[in-house]
Amino acid sequence: MKKLGLVGGMSWVSTVDYYRFINEGINAKLGGLNYAECIIYSVNFNAFVSNNMAGKWDETFQIVLSASQHLEKAGAEAIVLCANTAHAVADRLEKEIDLPIIHIVTATAAAIKRAGLRKVGLLGTKFTMEMDFYKDKLTSYGIEPIIPASQESRDFIQNTLKDELGKGIVLEKTKQGYLAIIDELIAEGAEGIILGCTEIPLIISQDDVAVPVFDTTRIHSEAAVAFALSELPG
């Protein structure tokens, strides 16, 4: 089994899910008392978010790089960035460390392709929705991403992720707001919905949505399990 290095804390709430899903996935494959060999480096979420909000992506990169280097020194054989937004610096990170990065968008695109979909709605932080790093990678796999059209909707998602879900706060009125935005994306032709922030599955599940939902936390965790068990190239 390969040892995984998880860069977590973005937020700690979803990192708990990563740890659970990865260990459950390993046990489902191997049975008995087999669980993941993994190391978690949990960063300060406040610093991560503050840098992103200020456009200080060099500082964000240094946070992620430092965490990854610590994991590499500790014996990790691959890096799992436990947040969609952190992948804004993933390409840069790949050039600085000697470990493979299990990329959340690559894993998500593969799941969408298996489902036979071509046009999907993308929900996430304002950075995931508005910057190019996520949408361009999806496009390279022949997938057309669409995001909420209004700035108000995108701000609603960003603010609730930062002030509620990132703290583990789940409110029914917030859920209804997400569902309204999802309905708008479906009306615009979305054949599926990417829950492109690892906190969104805390409030939205497949049971809530009429089209396929892609839970990136679970998808990414499954890719990490496959890597650990050498089912993916390393």
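The values are calculated or read from the model by the stated rules, or taken from the named source; none is laboratory data. Because the structure is a prediction, the values reported are computed rather than measured. Reconstructed Cβ throughout: ideal geometry from the backbone, glycine too, with neighbour counts over all protein chains shown. With ligands, DNA and RNA removed, areas are computed over all heavy atoms of the protein, side chains included. Shrake-Rupley method; radii C 1.70, N 1.55, O 1.52, S 1.80 Å.
For the reader, a short list of remarks on this structure follows.
- Scanning the range 50-71 for residues that are under 22 Å from Val13 (Cα atoms), open to solvent by 30 Å² or more (accessible area, probe 1.4 Å) and either aliphatic (A, V, I, L, M) or touching a residue at least 60 places away in the same chain (Cβ under 8 Å) (or both) turns up Met53, Ile63.
- For the range 175-234, the set of residues classified as among the small types (Gly, Ala, Ser) and within 14 Å of the chain's Cα centre (by Cα) consists of Gly196, Ser221, Ala223, Ala224, listed by residue number.
- Cβ separations smaller than 7 Å between residues 6+ apart or across chains give no pair from the range 147-162 residues that are on the phi > 0 side of the Ramachandran plot to residues that are open to solvent by 20 Å² or more (accessible area, probe 1.4 Å) and among the acidic types (Asp, Glu).
Each row is one residue, and each column tells you yes or no for (1) crowded, with 22+ Cβ neighbours inside 10 Å; (2) in the same structural domain as Arg114 (by the TED database); (3) farther than 18 Å from Ala109 by Cβ.
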| position | (1), (2), (3) |
| --- | --- |
| Phe156 | no, yes, yes |
| Leu161 | yes, yes, yes |
| Thr174 | no, yes, yes |
| Leu179 | no, yes, yes |
| Asp183 | no, yes, yes |
| Ile200 | yes, yes, no |
| Val211 | no, yes, no |
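- Selection of the range 160-199 for residues being in a helix (DSSP H, G or I) and modelled with pLDDT under 95 yields Leu161, Lys162, Asp163, Leu165, Gly166, Lys167.
- Number of the exception - Asn44 against (1) surrounded by fewer than 17 Cβ atoms within 10 Å (Cβ to Cβ); (2) in contact with a strand residue (DSSP E or B) (Cβ under 7 Å, 6 or more places away or on another chain): (2)
- Options Leu123, Leu117; residue that is touching a Cys at 6+ places or on another chain (Cβ under 8 Å), closer than 25 Å to Leu195 by Cβ and in the same structural domain as Glu144 (by the TED database): Leu123
- Scanning the range 22-46 for residues that are of a type in the set (A, V, I, L, M, F, W, C), in a helix (DSSP H, G or I) and modelled with pLDDT of 95 or more turns up Ile22, Ile26, Ala28, Leu30.
- Within the range 11-25, the set of residues being buried (at least 20 other Cβ atoms within 10 Å of the Cβ) and among the hydroxyl-bearing types (Ser, Thr, Tyr) comprises Ser11, Ser14, Thr15, Tyr18.
- Considering residues of the range 121-134 that are open to solvent by less than 40 Å² (accessible area, probe 1.4 Å) and assigned to a helix (DSSP H, G or I) only, the residue nearest to Gly55 (Cα to Cα): Phe127
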